[in-house]
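Below is one structure, written out as structure tokens, with a few remarks after it.
Bear in mind these aren't lab numbers, they're just calculated from the coordinates by the rules spelled out. These numbers come from a predicted model, not from an experiment.
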Amino acid sequence: GDHRDLHLSLRRQRQMCIRDSSHDNDFMLLASATNSIIVKPIAERLGFKHIIATDVEIIAGKYTGKMKGESALGKGKLNKVKEWMSRNGFSNFENTTFYSDSINDLPLLLEVSNPIAVNPDEQLRATCWEANWEIIELPIH
């Protein structure tokens, strides 16, 4: 039905956007507040080798339904990205680009050198206008 068509269309648009923005020497990192069980297979299908997500607790091979550590939402996403950067030899946010659709990502958007909003929510759109950040509108049909 319509929902599946929309989903596939969006996925194709995102893949095109990712391919167009990636260069051989770039590190591509997918950072999502969604839990890692959902994010990892999608990220892998999109070609991401580096992933940040909200980790889930597993005890004796079973998911408990609880979060493990800090959520990757808002300031938590920024913290997890900074941890990943220090583990991978990045000392600062020089020459970094971050794409987001949500005001929840403002802490990270404020840190990177090239913040870009993609189909932003109303609050992020307003912030982009004030800060003169780039906005990309992808068709959703």
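Using modelled amide H (1.01 Å from N, peptide plane; none on Pro or chain starts), what sits under 5 Å from the amide H of ASP101, excluding residues fewer than 5 places away?
Close amide H contacts, sequence-distant or interchain: VAL118.
Over all distinct Cα pairs, what is the inverse of the mean 1/r for segment 43-138, reported as the Kirkwood hydrodynamic radius in Å?
14.9 Å
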